[in-house]
1. Residue by residue through the range 239-282, note down the ones that are touching a helix residue (DSSP H, G or I) at 6+ places or on another chain (Cβ under 6 Å) and either over 22 Å from residue 101 (Cβ atoms) or of a type outside the set (D, E, K, R) (or both).
2. Would you confirm whether any residue within the range 59-70 is under 30 Å from residue 129 (Cβ atoms) and modelled with pLDDT of 95 or more?
3. Restricting to the range 61-82, and then to whatever is in a loop (DSSP other than H, G, I, E, B) and out of contact with any Lys or Arg (no Cβ under 7 Å at 6 or more places or on another chain), can you tell me which residue is nearest to residue 269 (Cα to Cα)?
4. All but one of (1) surrounded by 17 or more Cβ atoms within 10 Å (Cβ to Cβ); (2) modelled with pLDDT of 95 or more hold for residue 233, so report the exception by its number.
5. Being touching a strand residue (DSSP E or B) at 6+ places or on another chain (Cβ under 9 Å) and either within 16 Å of residue 136 (Cβ to Cβ) or free of Cβ contacts under 8 Å to residues at least 24 places away in the same chain (or both) is the filter here, so list the residues in the range 85-113 that pass it.
6. Could you list, in sequence order, the residues of the range 29-56 that are outside any strand (DSSP E or B) and either surrounded by 13 or more Cβ atoms within 10 Å (Cβ to Cβ) or assigned by TED's automatic domain parsing to the domain that holds residue 269 (or both)?
7. Between a residue in the range 124-151 that is exposed (fewer than 12 other Cβ atoms within 10 Å of the Cβ) and any residue that is assigned to a loop (DSSP other than H, G, I, E, B), which pairs come within a Cβ distance under 7 Å, given they are 6 or more apart or on different chains?
8. Regarding residue 183, is this residue part of a loop (DSSP other than H, G, I, E, B) and either surrounded by fewer than 20 Cβ atoms within 10 Å (Cβ to Cβ) or not aromatic (Phe, Trp, Tyr) (or both)?
Amino acid sequence: MTKIVLKLSCTDQRGIVGAVGQCIAKQDGNITESGQFVDPDNGRLFMRICFRAGPHSDVESFRAAFALVAERYDMTWGAFDLSIKPRVLIMVSQLGHCLNDLLYRHSTGQLPMEIVGIVSNHEAFRQRAEHEGIRFHYLPVTPANKAEQELRLLDLVASESVDLVILARYMQILTDELSHRLSGRMINIHHSFLPSFKGARPYHQAHKRGVKLIGATAHYVTPELDEGPIIEQDIRRVDHTASADTMVAIGRDTECQVLAKAVKSHLEHRILLNDDRTIVFA
């Protein structure tokens, strides 16, 4: 039986929840999850509903039926068949903790995705990719070839019908053009010391300043560097006994967990954009 996720946003008004429920019922759907939120600042309603479709219904027929409801309430919406796994491209540089964690979670079924390739500006993880049977794409980046390599990346995204790009500690600043082209389809992870400790060895900088909280942030990529809509965050407390190397280890573990949660939320269509913020239904 087909399991479908419907997510939508529109100006809040009377009758919307009823209209949505009636449409699902007419398709012989049975709701299994439902979440809604009204933003008091802009009066917009956000909804995510998961339901089992009837025996003679699928995602295409539901989309056709729901289009009339969406038009009536001027909705931004999408309906997704959960049996179809999103196609994912992972990008990494020379730090492999997030890549390895994603590959492990994928292998154990925790992340419902199809990994179509790993892209890197270094050769360090070619063997790791090949061991997993995943195509490895080596795209070294220099100031002279940056634009050319980003075009190759976009060609790869198009040819592989990529739904999501994950920056698993990919240490290159992307151009505004690329960020715009992949808006809402690219997730980045980084430590949460920004903007205080930029550049190389941030955990060592934090250690010197006696930082007591270590955190990580996962967000959608936008042209504004590391300032896209935040999907997931977490922190760990440390004290004076923690060495710089201990802080690095804690930080990397936190980065892995935060990125995995953000990716899972995206794969399960739990995220809706609300201007520069996200609505994430648990």
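1. 244, 247, 248, 251, 256, 259, 260, 271, 280
2. no
3. Residue satisfying both the conditions and the ranking: 75.
4. Unmet for residue 233, out of (1) surrounded by 17 or more Cβ atoms within 10 Å (Cβ to Cβ); (2) modelled with pLDDT of 95 or more: (1).
5. Hits for the range 85-113 are 88, 89, 90, 91, 92, 93, 94, 99, 102, 103, 106.
6. Hits for the range 29-56 are 29, 53, 54.
7. 140/121
8. yes
The values are calculated or read from the model by the stated rules, or taken from the named source; none is laboratory data. These numbers come from a predicted model, not from an experiment. Ideal geometry is used to build each Cβ from the backbone, glycine not excepted, and the neighbour counts take in all protein chains shown.
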